[in-house]
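Single-structure report; data block below.
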Amino acid sequence: MEKNTLKKILPAAVFILFLIPAVTSSLLDLRQRQENEIIAAQLLAQQQAEAKAAEKIYLLGQFDPSQRSDFTVVPANYDIGGYTMYLRQETLSAFLEMAAAAQKDGVDLKIASATRNFDYQKNLWNNKWNALPKSMSDLEKFQNVLEYSAVPGTSRHHWGTEIDFNNANPQYFNTEEGKEVYNWMSQNAWEYGFCQTYTAKGPDRPTGYDEEKWHWSYLPLSIGFTEDYKNLVTEADIKGFDGDQFVAQANLIQNYVLGINPKCL
Ligand SMILES: [Zn+2]
């Protein structure tokens with residue numbers, strides 16, 4: 001190489017040598033950033049999966065309401081269920097406001113049943129199952145118990161948004177008092193966020209439980225839970241009790257969980 005050429009090249013070579021660390025470090029930065037982004041995306045996906053799993057456990061009622069800070073005890077003067085009952089705080093607040101308004105109109109609203117978790121419903125279900133005659137087939141037993149009881153994991157009572165008012169017996173609503181309660185609720189309950197879940201069956205509600213004048217849902221919470229149930233829970237998740245092998249063929253989610261008054265959806 002000639003001396004002159006070397007003179008020309010040298011400054012450029014020095015310049016390039018200076019650049020190398022800068023280029024290398026910005027390449028490393030880029031790789032680090034990409035790795036960080038991948039880790040953040042994985043973390044987010046994991047958090048979302050965990051949130052979905054937790055929501056599913058909630059929707060299936062597999063928790064103890066006394067251990068949750070978003071549930072609260074129904075005051076004894078409204079509790080006619082004979083056991084310590086819980087509701088979601090928002091549901092109870094709305095109920096108390098509604099009960100005070102009803103009181104002014106001379107109507108006494110009480111709570112006959114509130115939150116019933118999976119274990120509660122499972123005991124109820126299995127007891128009824130075991131009381132049926134041995135001569136019945138398992139499918140017959142399933143259909144028989146389902147007529148009046150929710151399959152554990154499918155009851156809206158799991159959610160802390162449902163109240164059975166005054167008396168969960170159709171006969172009560174033929175009495176003067178029962179009629180007054182129902183009329184008052186029909187006219188006023190919507191103002192407090194409550195909707196009669198199981199109206200008379202007909203073209204707009206072809207499947208599900210028969211009419212229940214006592215059972216009302218607190219919509220500001222229950223609409224979201226109904227939607228989540230539709231999206232997250234499958235029939236394979238509904239198990240752990242006598243006869244659970246018939247859940248899929250009964251099409252329980254579509255026919256029962258979603259078989260409610262369309263105004264409550
Ligand atoms: Zn009910």
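The values are calculated or read from the model by the stated rules, or taken from the named source; none is laboratory data. It should be emphasised that the depicted structure is a prediction, and the values quoted were computed from it without experimental measurement. Cβ sites come from the backbone with ideal geometry, for glycine too, and all protein chains shown count toward neighbours.
Worth pointing out:
- Where a residue in segment 173-190 is more than 16 Å from Phe95 (Cβ to Cβ) and its partner, wherever it lies, is of a type in the set (A, V, I, L, M) and assigned to a helix (DSSP H, G or I), with Cβ under 9 Å and at least six apart: Phe173/Val181
- For segment 159-181, taking the residues that are of a type in the set (Gly, Ala, Ser) and within 28 Å of the chain's Cα centre (by Cα), the one that is surrounded by the fewest Cβ atoms within 10 Å (Cβ to Cβ) is identified as Ala168.
- Subset tally (residues that are in contact (Cβ under 8 Å) with a residue 12 or more places away in the chain and farther than 25 Å from Ser217 by Cα) for segment 121-142: 9
- Any pair with Cβ under 8 angstrom, 6 or more apart, that starts in segment 156-171 at a residue that is assigned by TED's automatic domain parsing to the domain that holds Val257 and at positive phi and ends at one that is of a type in the set (A, V, I, L, M) and more than 12 Å from the ligand (Cβ to nearest atom): Gly160/Leu87; Gly160/Leu221; Asn166/Ile80; Asn166/Leu109; Asn166/Val181
- Ala12 being of a type in the set (A, V, I, L, M, F, W, C), under 17 Å from the mean Cα position of the chain (by Cα) and outside the structural domain of Trp159 (by TED's automatic domain parsing): no
- Candidates Leu30, Leu96, Leu44, Leu19: the one that is within 30 Å of Phe194 (Cβ to Cβ), in a helix (DSSP H, G or I) and either in contact with a His (Cβ under 8 Å, 6 or more places away or on another chain) or not small (Gly, Ala, Ser) (or both) is Leu96.
- Among the residues of segment 145-165, those that are modelled with pLDDT of 95 or more and of a type outside the set (A, V, I, L, M, F, W, C) comprise Pro152, Gly153, Thr154, Ser155, Arg156, His157, His158, Gly160, Thr161, Glu162, Asp164.
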